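Student: Can you read through this structure? Questions will come right after.
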Amino acid sequence: EVHLVESGGGLVQPGRSLRLSCTGSGFTFGEYAVSWVRQAPGKGLEWVGFIRSKAYGGTTEYAASVKGRFSISRDDINNIAYLQTNSLKTEDTAVYYCAREVGYGGNLDYWGQGTLVTVSS
Amino acid sequence: DVVLTQSPLSLPVTLGQPASISCRSSQSLVYSDGNTYLHWFQQRPGQSPRRLIYKVSNRDSGVPDRFSGSESGTDFTLKISRVEAEDVGVYYCMQGTHWPRTFGQGTKLEIK
């Protein structure tokens, strides 16, 4: 059974950094792209970024709101995708979900349970 | 960026009655490969989002056949033929044709 588990969230001060992890199991992790989506408290879903599988170059895409501050990487040996969040702002406070992407085009077939990041002084 | 405009944003429905959610795109979502990457997700209270329908009209395994998706140009519709209590939650459309990916604002379905 496919599972994705996010971890690494917590309370952090503005301007600081946090690295989130997304650990996959039940499938060949390296064959899939991974997206990160966030949800601010009481708000809708916001796409954050994406990393292709190594077969497609392992390259990344980002939303304008996080470009230059966030970066995504992957470790296919340990089945983990990372979301490095730098220069955090209070508006980055959200539950961060990772999701497996099948094929092209945002087809997010499995999601994790999310990890909460709270940016506050 | 592609803007997806959902309506209504709030949808009170009587059990057993149909429901319809619209998602209008600011531009064509037909990709160069001929596919239309418009998907629907359901988020029940306190849960993670769950894929319901992918590429306009393909129902996910395990999704009841009372859910259906359709398109007319840049207008996309999610229909529930007979609403059940377990359908309560927020429904989002998302496009994956263009970068960046974008979501609609969400439609909150509740039981009257």
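Student: Would you tell me the mean number of C-beta atoms belonging to other protein chains that fall within 10 Å of each C-beta in A:45-57, as a whole number?
Tutor: Mean shielding by partner chains, rounded to a whole number: 2.
Student: For chain B, modelled as a Gaussian network with Cα springs under 10 Å, which listed residue fluctuates most, B:SER57, B:SER48, B:SER25?
Tutor: Among B:SER57, B:SER48, B:SER25, the largest mean-square fluctuation in the Gaussian network model of chain B belongs to B:SER48.
Student: For a 31 Å ceiling on Cα separation, which of these pairs sit above it: A:LYS43/B:LYS112; B:LYS55/B:LYS108; A:LYS43/A:LYS67; A:LYS67/B:LYS55; A:LYS43/B:LYS79; A:LYS67/B:LYS79?
Tutor: From the list (A:LYS43/B:LYS112; B:LYS55/B:LYS108; A:LYS43/A:LYS67; A:LYS67/B:LYS55; A:LYS43/B:LYS79; A:LYS67/B:LYS79), the Cα-Cα distance tops 31 Å for A:LYS67/B:LYS79.
Student: Can you tell which of A:SER121, A:LEU45, A:GLY58 lies farthest toward the positive end of the dipole of the stretch A:44-121, using +1 and -1 charges on the Cβ of basic and acidic side chains (Lys, Arg; Asp, Glu)?
Tutor: Projecting each Cα onto the dipole axis, the largest value belongs to A:GLY58.
Student: Among A:PRO14, B:ILE21, A:PHE27, flag the residue with its Cα farthest along the positive direction of the charge dipole of the protein assembly as shown, charges on Cβ as +1 for Lys/Arg and -1 for Asp/Glu.
Tutor: Farthest towards the positive end: A:PRO14.
Student: What is the local net charge at B:GLU71, summed over the other residues whose Cβ is closer than 14 Å to its Cβ (Lys, Arg +1; Asp, Glu -1)?
Tutor: Combined, the nearby Lys, Arg, Asp and Glu give +2.
Student: Let's see if you can work this out: charge +1 on each Lys and Arg Cβ, -1 on each Asp and Glu Cβ, no other charges. What is the dipole magnitude of chain A about its Cα centre, in debye to the nearest 20?
Tutor: The dipole of chain A has a size of about 400 debye.
Student: Also, quick follow-up: Quick one: if you take sqrt(5λ) for each eigenvalue of the C-alpha gyration tensor of the protein assembly as shown, what semi-axes come out, biggest first, whole angstrom? It would help to have the intermediate numbers written out before the result.
Tutor: Details: eigenvalues 164, 80, 58 Å².
Semi-axis lengths for the protein assembly as shown are 29, 20, 17 Å.
Student: I've got another one for you. For chain A, give me the percentage of DSSP beta bridges that are antiparallel, rounded to the nearest 5 percent.
Tutor: Expressed as a percentage, antiparallel bridges in chain A total about 90.
Student: If the cut-off is 14 Å between C-alpha atoms, which aspartates and glutamates fall inside it for A:LYS54, apart from same-chain ones fewer than 8 positions away?
Tutor: A:GLU31, A:ASP75, A:ASP76, A:GLU101
Student: Working only with C-alpha atoms, what are the Rg and Dmax values of chain A, expressed in angstrom?
Tutor: Final numbers for Rg and Dmax: 13.5, 42 Å.
Student: Could you give each residue of the stretch A:36-45 its phi-based ³J(HN,Hα) in whole Hz, using Karplus coefficients 6.51, -1.76, 1.60 with θ = phi - 60°, and x for Gly or Pro?
Tutor: 10, 10, 10, 9, 5, x, x, 10, x, 7
Student: Of the candidates B:ARG59, B:ARG101, B:ARG24, which one comes out as most mobile in a Gaussian network treatment of chain B with C-alpha springs shorter than 10 Å?
Tutor: Most flexible of the set in this elastic network: B:ARG101.
Student: Between B:SER72, B:SER26, B:SER81, which gets the highest mean-square fluctuation from a Gaussian network model of chain B, Cα cutoff 10 Å?
Tutor: B:SER72
All of the numbers you see were taken from the coordinates with simple rules; none came from a lab. This one's a predicted model, so the numbers in the text were calculated from it and none came from an experiment. So basically every Cβ, Gly included, is an ideal-geometry build from the backbone, and we count neighbours across all protein chains shown.
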